[in-house]
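The structure appears below as structure tokens.
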Amino acid sequence: MKKLISAFVASIALMGSTNSMAVTNDNGEDWLKKSTKTAVYQLTKAAQTFTPGMNPRSINNNGTVRLAPPRDWTTGFFPGTLWYGYELSGDKNLAAEAKRFTLGLDTMQYIKDTHDLGFMIYCSYGNAYRLTGDQIYRKPLENGAANLYARFNKKVGAIRSWDFGHWQFPVIIDNLMNLEYLYWAGNEFKKPEWFNAAKTHAATTMKNHFRKDYSSYHVISYDTLSGKVLQRETHQGLTHESAWARGQAWGLYGYTMSFKDTKDKKFIDQAERIAAFIMNHPKMPKDKIPLWDFDVHTEERTPRDASAAAVIASALLDLSTQVKDGQKYFKFAEDILKTLSSDEYLAKPGENQFFILKHSVGAFLYNSEIDTPLNYADYYFMEALKRYAEIKKVDLKTLSQS
């Protein structure tokens, strides 16, 4: 292991002198190589540093690492990122670490009081099962999906997001991301009611969460007796009527994924409308890393959100393969990834407490995780790199070892 890390350090050091140069060469692989090798190094060191069951989430204001216990909504991202690191590099040491950190979250399968089970279980156990086929991951996936489905309310036509707050039946835009788990589980475990619940939730959200310009509200509260909308609010955005950046990213990703799983045309149409809102927004910076909310009044000193950018990039790459004129989505995503692979956003090996990306925003209004690394930014960045490599037919296993 020490030899492996030394090799990565040496290779990164050689690349350091070119960091200020353009991020692509004639083959278009410099930035991709740099990001992949940096990510593998950071993940290798992080896996050696942290303990399964207490996964790195972000960096506190005092410079220490904020850790996520098994009940934290972000806890599945670090094992999932390790799995992506293994998939991109072929590094069997990362596979072993990914398994160790995944199995350290065994108790998640029994959690019933949150919609975030997709983030928690499917990103970790789901990637593990996808890549290995090991039956040790299957039962926890089934148990978790059953608990997620149990939160579906037929009258509302949606899965309840939270069990806290002043709302009667809150549904947040983020919840779209957890539908992938139910689509998959419905097919895998022959539970069509799980699949149909996910599809119904996507349709209900499309009807009620979006404004005329296809920006989305964050929280919708429903009446459980009538199924009618009671409130349209925010919990993390600037105002109830603003376009919280990561919320827009969740919507784009959710409808692209819902079309891929259901082949229902209304979902891909919705994804393209959301993409147009994001890509053409007058406050989208030139480097395509959005401000934490699109409706902030001043762009100066307003934190960017690399996590939203990573989700957008991954979603746009997926969208580019689902439509006839997908090149515009691919190009926008490529531009995002090149920016995230620059020194401004990509950590130097050994720094950033072994997180991959810098400059994300968790919950600005609560002074929580502002301008800091976030484990879900790393997860979707790695997923985006994987999707990019698949589309471009780049063998990253060879690239990361060269």
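The values are calculated or read from the model by the stated rules, or taken from the named source; none is laboratory data. Every value quoted in this text rests on a predicted model; they were computed, and no experiment measured them. When we count neighbours, we look across all protein chains shown, and the Cβ atoms used for this are built from the backbone with ideal geometry, even at glycine. With ligands, DNA and RNA removed, areas are computed over all heavy atoms of the protein, side chains included. Shrake-Rupley method; radii C 1.70, N 1.55, O 1.52, S 1.80 Å.
Of the helices (runs of 4 or more DSSP H) that lie entirely inside the range 302-402, those containing 3 or more residues that are open to solvent by 10 Å² or more (accessible area, probe 1.4 Å) span 327-340, 375-392, 396-401.
Looking for whichever is surrounded by 15 or more Cβ atoms within 10 Å (Cβ to Cβ) and under 15 Å from His115 (Cα atoms) here; the options are Val219, Val229. Which one fits? Just one listed residue meets the conditions, Val219. All conditions but one from (1) closer than 16 Å to Ala245 by Cα; (2) part of a loop (DSSP other than H, G, I, E, B); (3) open to solvent by 50 Å² or more (accessible area, probe 1.4 Å); (4) at pLDDT below 95 apply to Lys286; the one that does not is (4). Contact annotation: residue pairs with Cβ atoms under 6 Å, 6 or more positions apart or on different chains, pairing a residue in the range 170-183 that is part of a helix (DSSP H, G or I) with a partner that is among the acidic types (Asp, Glu), are Tyr183/Asp261. Put simply, of Val361, Val323, Val311 the only residue that is β-branched (Val, Ile, Thr) and touching a Pro at 6+ places or on another chain (Cβ under 8 Å) is Val361. Within the range 242-266, being in a loop (DSSP other than H, G, I, E, B) and either hydrophobic (A, V, I, L, M, F, W, C) or touching a Cys at 6+ places or on another chain (Cβ under 7 Å) (or both) holds for one residue alone: Ala243. Quick check on Asn127: is it touching a strand residue (DSSP E or B) at 6+ places or on another chain (Cβ under 8 Å), surrounded by 18 or more Cβ atoms within 10 Å (Cβ to Cβ) and on the phi < 0 side of the Ramachandran plot? Answer is no for this residue. Of the residues making up the range 122-162, those that are of a type outside the set (D, E, K, R) and farther than 18 Å from Ala197 by Cα number 14. Checked against (1) more than 21 Å from Gly80 (Cβ to Cβ); (2) β-branched (Val, Ile, Thr); (3) in a helix (DSSP H, G or I), Thr224 passes all but condition (3). Against the list (1) part of a helix (DSSP H, G or I); (2) open to solvent by 10 Å² or more (accessible area, probe 1.4 Å); (3) basic (Lys, Arg), the condition Lys37 fails is (2).
Matching residues to (1) free of Cβ contacts under 8 Å to residues at least 24 places away in the same chain; (2) farther than 17 Å from Ala39 by Cα; (3) not polar (S, T, N, Q):
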| site | (1), (2), (3) |
| --- | --- |
| Thr321 | no, yes, no |
| Gln353 | no, no, no |
| Tyr379 | no, no, yes |
| Lys397 | no, no, yes |
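Of all residues in the range 61-95, those being surrounded by fewer than 24 Cβ atoms within 10 Å (Cβ to Cβ), without any contact (Cβ under 8 Å) to a residue 60 or more places away in the chain, in contact with a strand residue (DSSP E or B) (Cβ under 9 Å, 6 or more places away or on another chain) and closer than 18 Å to Gln353 by Cβ number 4. Looking only at the range 184-199, residues that are surrounded by fewer than 17 Cβ atoms within 10 Å (Cβ to Cβ) and either in contact (Cβ under 8 Å) with a residue 24 or more places away in the chain or touching a helix residue (DSSP H, G or I) at 6+ places or on another chain (Cβ under 8 Å) (or both) come to 6 in all.
For the range 296-306, state whether one or more residues are in contact with an Asp or Glu (Cβ under 9 Å, 6 or more places away or on another chain) and at pLDDT below 95. Yes, the range 296-306 has at least one match.
Looking at Lys265, Lys228, Lys260, Lys283, which one is basic (Lys, Arg), more than 26 Å from Phe169 (Cβ to Cβ) and free of Cβ contacts under 8 Å to residues at least 12 places away in the same chain?
None of the others qualify; the one that does is Lys265.
Does the range 135-148 contain any residue that is of a type in the set (S, T, N, Q) and surrounded by 23 or more Cβ atoms within 10 Å (Cβ to Cβ)? Among the residues of the range 135-148, not one is of a type in the set (S, T, N, Q) and surrounded by 23 or more Cβ atoms within 10 Å (Cβ to Cβ), which makes the answer no.
Filtering the range 153-168 to residues that are open to solvent by less than 40 Å² (accessible area, probe 1.4 Å) and without any contact (Cβ under 8 Å) to a residue 60 or more places away in the chain leaves Ile159, Ser161, Trp162.
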